[in-house]
Amino acid sequence: MFQKPLNLLFLSTSVGPLGSGLGGGVELTLRNMAQMMQQRGHEVTVVAPAGSVLPDSSLVEVFGDLHPTAQNEGRDAWIAMPPNSVLAGMWNYASQVQDNYDLILNFAYDWLPFYLTPTLATPVAHLVSMGSLTHAMDRIITQVAEQFPHAIAVHSRAQAETFPDSDRFWVVSNGFDLQQYNFCAEPENTLGWVGRLAPEKGLEDAVVAAQVTNIPLKIWGVLQDVAYWHDICDQYPDAPVSYEGFLPTAELQQALGQCRALLMTPKWVEAFGNVAIEALACGVPVIAYQRGGPAEIVQHGKTGWLVEPDSIQGLVDAIAQLDQIDRLTCRRYAEAEYSLQAMSDRVERWFAAILNQRMMG
Ligand code: UDP
């Protein structure tokens, strides 16, 4: 597809160092993308906030203030930058070294990288990790998509549709190193919930479902909003739930594999939902609200159940039907659709479109 292997520069999210969990699914997505591109013979250098941990890739750490997360700012929020923005530092570095690279890939859901895209000589690709959140971001993303028709990719159709004029977006789904996930045939009688503990993730609904069914719920993820978590504990003091902390992938998959199902109860349009694939890879069926990325991942009645959004009764009914789901089918489905191989093919086609367009333009 390419005349020679590509030299790729990845720019990480500005909300936290890689490995901290603050970046949510982006952290694992970036790690997987670096791995898969390297396996295909390309060179990858990653630029990320200082303190990042990324085995097996060349990493450039940049000091500076982290950015706040964008999820709960409101649609009319202005663009805000901390005084010594780590993002500005990262992109300053990128502009200095850009001549050494064939393509720059942005993972940050921030205005600045989009704004800078036309000013850089090296093509910039953007892997957008969330749905539409603010008018300011919609506007700059649309402008970039108009000027550079292949520059934007998202993870799911549902995510693309939250943006105006998303016809030009590439939908690349996601891919995982499935060797890192062990199939577990015999689960314990527990349910799992994995994600940042933050309001848009809707943990409270899973807690209520655990209380109603009286099946213990284990929770893994970064405690991003402590007050939100305390509220849930106060409201449902008797629910059989336990917070198990934020685990590295190897330990997370081990523990998650023991669950009878993963509950996904987001209140927003989840762009993709990495944790759905991680669960399926362990043989764990997914019970998810029928909206956003998870609705494109879960095959109703085959690899889990899709439930009317915000319906606790729907969750409870789905839990009662878990025996109908074959755990090996879940694993096989992850292997077929969400391997690094499958994702590499999609991403290489995307990169080729960007580079061909540049050559012709
Ligand atoms: N995660 C993890 N350890 C944990 C809990 C979660 O590494 O204990 C990771 C998980 O692997 C996933 C990410 O956190 O990649 C959550 O991503 P997701 O796409 O589900 O949601 P986001 O946080 O991006 O909204």
Of V53, V172, V275, the one that fluctuates the most in a GNM where the chain has Cα springs shorter than 10 Å: V53
Ranked by how many other beta carbons lie within 10 Å on average, peptides 262-272, 279-289, 2-12 from highest: 279-289, 262-272, 2-12
Size of charge dipole - region 27-105 - debye, nearest 20, with Cβ of Lys, Arg +1 and Asp, Glu -1, no other charges: 120 debye
Axial C-alpha extent at least 15 Å, average Kyte-Doolittle at least 0.5 - helices from the chain (DSSP): 86-97, 203-213
Per-bin percent of Cα-Cα distances, region 220-338 [10 Å]: 13, 42, 38, 7, 0
Radius ratio Rg over Rh of the chain, counting only Cα atoms, Kirkwood formula for Rh: 0.96
Most positive-pole-ward Cα, V241, Q258, L197, against dipole of region 192-281 from beta carbon charges: Q258
Value of relative contact order over region 1-81, rounded to a whole percent, pairs C-alpha under 8 Å and six or more apart: 32 percent
Normalised contact order of the chain, rounded percent, pairs of Cα under 8 Å and 6 or more residues apart: 15 percent
Label-point separation, H230 to R358 (7 Å along Cα→Cβ), nm: 5.0 nm
Over region 55-190 - Rg/Rh using Cα atoms and the Kirkwood inverse-distance radius: 1.03
Largest to smallest principal axis extent of the C-alpha atoms in region 154-301, angstrom: 48, 34, 29
Coordinate range along principal axes, alpha carbons of region 17-99, Å, largest first: 43, 28, 22
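Given R₀ = 22 Å, FRET efficiency for D177-S242 by Cβ-Cβ distance, to 0.05?
Details: r = 28 Å, r/R0 = 1.27.
In this case the efficiency is close to 0.20.
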Max mean-square fluctuation residue, GNM over the chain, Cα-Cα springs under 10 Å, options D138, D177, D225: D225
Spherically averaged projected area of region 256-321 from its Cα convex hull (nm²): 3.8 nm²
Under 19 Å from the Cα of K218 - lysines, other chains or at least 8 residues apart: K201
Amide H contacts under 5 Å for S85, placed H, 5+ residues apart: D65
Rounded Å value of the spacing that divides the Cα centres of region 117-159 and region 322-361: 20 Å
Square roots of 5 times each gyration tensor eigenvalue, C-alpha, region 92-138, largest first, Å: 22, 11, 8
About the Cα centre, charge dipole magnitude for the chain (Lys/Arg +1, Asp/Glu -1 at Cβ), debye: 800 debye
The chain: most fluctuating residue of A108, A34, A250 per GNM, C-alpha cutoff 10 Å: A250
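Taken together, the values in this text are just the output of simple stated rules run on the coordinates, not laboratory data. This is a predicted model, so every value here is computed, not measured. In this analysis, Cβ positions are derived from the backbone assuming ideal geometry, glycine residues included, and neighbour counts consider all displayed protein chains.
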